[in-house]
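The values are calculated or read from the model by the stated rules, or taken from the named source; none is laboratory data. Just so we're clear, the structure is a prediction, and the values are computed from it rather than from any experiment. A quick note on method: Cβ atoms are made from the backbone with ideal geometry, for glycine too, and the neighbour counts reach across all protein chains shown. Ligands, DNA and RNA are excluded from the accessible area calculation, which covers all protein heavy atoms including side chains. Shrake-Rupley method; radii C 1.70, N 1.55, O 1.52, S 1.80 Å.
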Amino acid sequence: DTEVTQTPKHLVMGMTNKKSLKCEQHMGHRAMYWYKQKAKKPPELMFVYSYEKLSINESVPSRFSPECPNSSLLNLHLHALQPEDSALYLCASSRGIGVGTDTQYFGPGTRLTVL
Amino acid sequence: EDKVVQSPLSLVVHEGDTVTLNCSYEVTNFRSLLWYKQEKKAPTFLFMLTSSGIEKKSGRLSSILDKKELFSILNITATQTGDSAIYLCAYSNYGGSQGNLIFGKGTKLSVKP
């Protein structure tokens, strides 16, 4: 089983709203990732969590706030977003971030539209 | 600056054709190269390559890595319409950004009946 689930599938929000994206995996993976993908572009890394600790923050604006409550869950809290933040947000997980463990498996994504 | 370049950017073939997709890279501290297939939503993992010259195979798909010439190819034989997708190549490296996957822009494959 290589399933990563994400909710919601679609989200429309205003610039003053606060919302959260959720990601879950039950594969025992200890590394989890958030990516942002704009139309016709490849995914771009936002955050990496390893053993529930934030290990990489790729200069993401503070209006995106990640949270890893436990090894199976990863959240992305959204506040005061801009229309240009509209994109597909992908979650991924891997066994670890070391050699031989870093194959990442992606969830189906959340399609976010900011009005 | 590390980069990965895929070619062609798009390709249109007919069912039954064989296609070869290319991925070249210039990276420091290379660790592994991965291929993903992306249809409407999430990228689906295909292969991870770490060693030169060893072909990985899954059904009609196969891939190989050349670490000397810094490229990888993805072959699809007897293509089907269900193979239509964007194929993404990505690398992971050692060092400060461990865990980061750097993606190429992808090759959009369209297989016509």
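If we scan the range B:7-19, do we find a residue that is within 14 Å of another protein chain (Cβ to nearest Cβ) and of a type in the set (D, E, K, R)?
Checked the range B:7-19: no residue is within 14 Å of another protein chain (Cβ to nearest Cβ) and of a type in the set (D, E, K, R).
What are the residue pairs meeting all of these: first residue in the range A:74-90, first residue touching a residue at least 24 places away in the same chain (Cβ under 8 Å), second residue of a type in the set (Lys, Arg) and not in a loop (DSSP other than H, G, I, E, B), Cβ atoms under 7 Å, and 6 or more apart or on different chains?
Correct list of pairs: A:Asn75/A:Lys22; A:Leu78/A:Lys18; A:Leu78/A:Lys19; A:His79/A:Lys18; A:Ala87/A:Lys36; A:Leu88/A:Arg111; A:Tyr89/A:Lys36.
Which condition number in (1) touching a residue at least 24 places away in the same chain (Cβ under 8 Å); (2) part of a loop (DSSP other than H, G, I, E, B); (3) under 27 Å from A:Arg30 (Cβ atoms) is the one that B:Gly16 fails?
Here B:Gly16 meets the rest and fails (3).
With the requirement that a residue be in a loop (DSSP other than H, G, I, E, B) and touching a residue at least 12 places away in the same chain (Cβ under 8 Å), what does the range B:40-58 give you?
B:Thr50, B:Ser51, B:Ser52, B:Gly53
Which of the numbered conditions does B:Ile54 fail, given that it passes all the others? Conditions: (1) aliphatic (A, V, I, L, M); (2) surrounded by 13 or more Cβ atoms within 10 Å (Cβ to Cβ); (3) modelled with pLDDT under 90.
(2)
Among the strands (runs of 3 or more DSSP E) lying completely within the range A:13-115, list those that include at least 3 residues that are away from chain B (no Cβ under 13 Å) and open to solvent by 10 Å² or more (accessible area, probe 1.4 Å).
In the range A:13-115, A:18-25, A:64-70, A:73-79 are the strands (runs of 3 or more DSSP E) which contain 3 or more residues that are away from chain B (no Cβ under 13 Å) and open to solvent by 10 Å² or more (accessible area, probe 1.4 Å).
For B:Ser92, indicate whether it is under 24 Å from A:Lys41 (Cβ atoms), part of a strand (DSSP E or B) and within 11 Å of chain A (Cβ to nearest Cβ).
Criteria met by B:Ser92.
With respect to B:Glu26, determine if the residue is open to solvent by 50 Å² or more (accessible area, probe 1.4 Å), at pLDDT below 90 and either over 30 Å from A:Tyr51 (Cβ atoms) or not hydroxyl-bearing (Ser, Thr, Tyr) (or both).
Considered against the rule, which asks whether it is open to solvent by 50 Å² or more (accessible area, probe 1.4 Å), at pLDDT below 90 and either over 30 Å from A:Tyr51 (Cβ atoms) or not hydroxyl-bearing (Ser, Thr, Tyr) (or both), B:Glu26 comes out as yes.
Condition check: in a loop (DSSP other than H, G, I, E, B), among the polar types (S, T, N, Q) and without any contact (Cβ under 8 Å) to a residue 40 or more places away in the chain. Does B:Ser62 satisfy that?
Considered against the rule, which asks whether it is in a loop (DSSP other than H, G, I, E, B), among the polar types (S, T, N, Q) and without any contact (Cβ under 8 Å) to a residue 40 or more places away in the chain, B:Ser62 comes out as no.
Would you mind stating whether B:Ile73 is away from chain A (no Cβ under 12 Å) and not in a loop (DSSP other than H, G, I, E, B)?
Yes, satisfied.
Do you know which residues across the range B:64-89 are farther than 27 Å from A:Lys41 by Cβ and crowded, with 24+ Cβ neighbours inside 10 Å?
none
Yes or no, residue by residue, for (1) away from chain A (no Cβ under 14 Å); (2) closer than 24 Å to A:Ala31 by Cα:
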site: B:Ser32; (1), (2): no, yes
site: B:Ala42; (1), (2): no, yes
site: B:Ser52; (1), (2): yes, no
site: B:Gly59; (1), (2): yes, no
site: B:Gly82; (1), (2): yes, no
site: B:Phe103; (1), (2): no, yes
site: B:Gly106; (1), (2): no, no
site: B:Pro113; (1), (2): yes, no
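Please go through the range B:23-39 and pick out each residue that is in a strand (DSSP E or B), of a type outside the set (Phe, Trp, Tyr) and in contact (Cβ under 8 Å) with a residue 60 or more places away in the chain.
Within the range B:23-39, B:Cys23, B:Arg31, B:Ser32, B:Leu34, B:Gln38 meet the criteria.
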